[in-house]
Amino acid sequence: MAGNLYLVATPIGNLEDITLRALKILKEVDFIAAEDTRHTLKLLNHFNISKPLISYYKQTEKSKSKVLIEKLLDNKNIALVSDAGTPGISDPGEEIVREAVNNNIKVIPIPGACALVNALIASGMSTKEFIFIGFLSSLKKDKKEKLEEIKNETRTIILYEAPHKLKNTLEMILEILGDRNLVLARELTKIHEEFIRGKVSEILNKIDEIKGEFVILIEGSTESEKDKEISNLNSKTLEEHYEFYKSQGITKKEIIKKIAKDRNVNKNEIYQYFLKL
Ligand code: SAM
């Protein structure tokens, strides 16, 4: 018989945010696999729990998963914890869970703190539908690409970010997504917990000296499909704009009127432009 793999959520700041069930499981399992054993040891000491620890972090996920699976198949129960919050959410976990599922090992989630959920519910933004991106790439090109990809997203967008990259990320959000409503959920569950709300530009003016851990929440795009189509056409050349309407069988005169309206300019300007060509 195989043991169980427990995915145990731990606090994201306030040590009281651990459930009775999580403590019970941590006391009962044979091993605790931890992202940073020194960090987890502090948590365990606080709750007088003594357990053999196995280090399990991003760079060793593959090789350590094998070791953990062997132990699980040998009928040992293992709890996986990360440094903070829910394992597998921008933290190691995915690999061992996949392996456990492949080996018919029971995977049991033990719910608890998760920064994105708590940031979202207190943000004041729509909680009906949201999209979680996690950390953006540290490569400028990939980061830009991802922001371009989510530019027209209408659901609330949630990001994790390291403090030293916050300013740069907000500047890129302003450039690519525009001056949207944004919330910074800072130091959740800790003494200096705060929610900084405002337009991206306003927040950028406030955060020069700001420290701590952050979740970034961006209001989804409120542009209608028609607005999106017009912004897209306006980013093209006048010739391409013209061709678009022409392909819809619209008359020359009407096309000029439409282009002028889309671009909010006088129709004579557009007329003169095409006359010169
Ligand atoms: N697994 C964790 C969870 O369930 O939320 C996330 C771990 S991820 C490595 C760390 C990131 O989560 C931080 O950079 C920050 O964006 C966010 N985070 C974690 N704790 C936080 C807190 N107390 N306040 C605000 N953001 C936090």
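The values are calculated or read from the model by the stated rules, or taken from the named source; none is laboratory data. Just so it is clear, the model here is predicted, and its values are computed rather than measured. Using ideal geometry, Cβ is built from the backbone for each residue, glycine included, and neighbour counts are taken over all protein chains shown.
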Problem - Inter-residue pairs, beta-carbon under 7 Å, first over 14 Å from L7 (Cβ atoms) and at pLDDT 95 or above and in segment 74-92, second outside any strand (DSSP E or B) and away from the ligand (no atom under 15 Å from the Cβ), 6+ apart - result: N75/M1; N75/A2; N75/G3; K76/G3; K76/D30
Practice task
Considering each residue of segment 202-245, count those that are within 16 Å of the ligand (Cβ to nearest atom) and in a helix (DSSP H, G or I), and give that number.
Solution key: 1
Problem - Any hit, segment 251-259, residues being of a type outside the set (G, A, S), surrounded by 15 or more Cβ atoms within 10 Å (Cβ to Cβ) and either within 14 Å of the ligand (Cβ to nearest atom) or within 19 Å of the chain's Cα centre (by Cα) (or both) - result: no
Exercise for the section: From K190, K199, grab the single residue that is among the charged types (D, E, K, R) and within 15 Å of the ligand (Cβ to nearest atom). Expected result: K190
Practice task
Considering each of K66, K71 in turn, give the residue that is exposed (fewer than 15 other Cβ atoms within 10 Å of the Cβ), assigned to a helix (DSSP H, G or I) and either polar (S, T, N, Q) or more than 16 Å from the ligand (Cβ to nearest atom) (or both).
Solution key: K66
Fill in the blank from the handout: Among strands (runs of 3 or more DSSP E) entirely within segment 100-178, at least 1 residues that are over 21 Å from R197 (Cβ atoms) occur in 106-110, 130-135
Practice task
Mind listing whichever residues of segment 93-104 are more than 9 Å from the ligand (Cβ to nearest atom), touching a residue at least 60 places away in the same chain (Cβ under 8 Å) and under 29 Å from the mean Cα position of the chain (by Cα)?
Solution key: I96, V97, A100
